[in-house]
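Please read the structure below before turning to the comments.
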Amino acid sequence: MMRGVLSGKVLMPLLVTLSVATVVNLYHVGDANRDGKVDAHDLELLRSAWGSSSGDPRYSSEVDFNGDGKIDICDLALLGKHWLLLYAVVYVDPESLNLESSGEWVTCYIELPDGYNVGDIDVATIQLNNKISAESKPTNIGDYDKDGTPDLMVKLDRAKTIDCVSRILENADEFTHATLTVTGKLYDGTNFLGIDTVKIPQAFKFKRLLS
């Protein structure tokens, strides 16, 4: 479970107001872009800064929801408390993605928290970075990481995934890794979210630096 995201059930958002002479509307924790709602736009800002810390060019205090100087699972948990989500543990395979490869698929494995069945995931709703939909087949339920918790295997179009990662790197200050989000729904409408990081081979980094 080390590469994935801690599992747990979270609650729906509540609008918090205080009335002391005047009514003060408080932004939700998790509302990184201050638009009054916690949604995919805030998730994208968190994803962009994932794994960074104060002083890193990717770090943003707007998504450091607990103010500890680093962007990690604690911030994701705070965002999740204001959004109806399950935290999924996700693994994107290969862990090191060759952006010049011509393979057909990238494989994604999804685990849900205790009490939830990966067989209840609606494959048609699974997306990578809110852009790439999972293929309807093949799928399989197994135990990829051998931790005793079932996971759902789905396939993602490799060319589309490489294009998505390349676009992330176009705006990055470093080329060592790319952070990916996997989202989807259960058949009862419950949302889930997981984050994983893929490594970028040295050869691609040197090619970018020389271009």
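The values are calculated or read from the model by the stated rules, or taken from the named source; none is laboratory data. Keep in mind it's a predicted model, so treat the numbers as computed, not measured. Here Cβ is always computed from backbone atoms with ideal geometry, including for glycine, and neighbour counts include all displayed protein chains. With ligands, DNA and RNA removed, areas are computed over all heavy atoms of the protein, side chains included. Shrake-Rupley method; radii C 1.70, N 1.55, O 1.52, S 1.80 Å.
Observations on the structure shown:
- For region 39-127, the strands (runs of 3 or more DSSP E) that sit wholly inside it and include 1 or more residues that are more than 19 Å from residue 139 (Cα to Cα) and of a type outside the set (S, T, N, Q) are 85-87.
- Counted as qualifying within region 132-200 are the strands (runs of 3 or more DSSP E) with 1 or more residues that are open to solvent by 20 Å² or more (accessible area, probe 1.4 Å), of a type in the set (A, V, I, L, M) and free of Cβ contacts under 8 Å to residues at least 40 places away in the same chain, namely 140-142.
- Top-ranked residue in region 100-127 [being among the aliphatic types (A, V, I, L, M) and open to solvent by less than 20 Å² (accessible area, probe 1.4 Å); ranked as modelled with the lowest pLDDT]: 112
- Residues in region 141-186 that are in contact with a helix residue (DSSP H, G or I) (Cβ under 6 Å, 6 or more places away or on another chain) and at pLDDT below 95 were compared, and the one that is nearest to residue 96 (Cα to Cα) is 178.
- Residue in region 44-60 that is more than 19 Å from residue 177 (Cα to Cα) and in contact (Cβ under 8 Å) with a residue 24 or more places away in the chain present: no
- Some residue of region 67-78 being within 22 Å of residue 163 (Cβ to Cβ) and not hydrophobic (A, V, I, L, M, F, W, C): no
- Condition broken by residue 40, with the remaining ones in (1) open to solvent by less than 20 Å² (accessible area, probe 1.4 Å); (2) within 30 Å of residue 186 (Cβ to Cβ) satisfied: (1)
- Any hit, region 108-125, residues being of a type outside the set (D, E, K, R) and touching a Lys or Arg at 6+ places or on another chain (Cβ under 7 Å): yes
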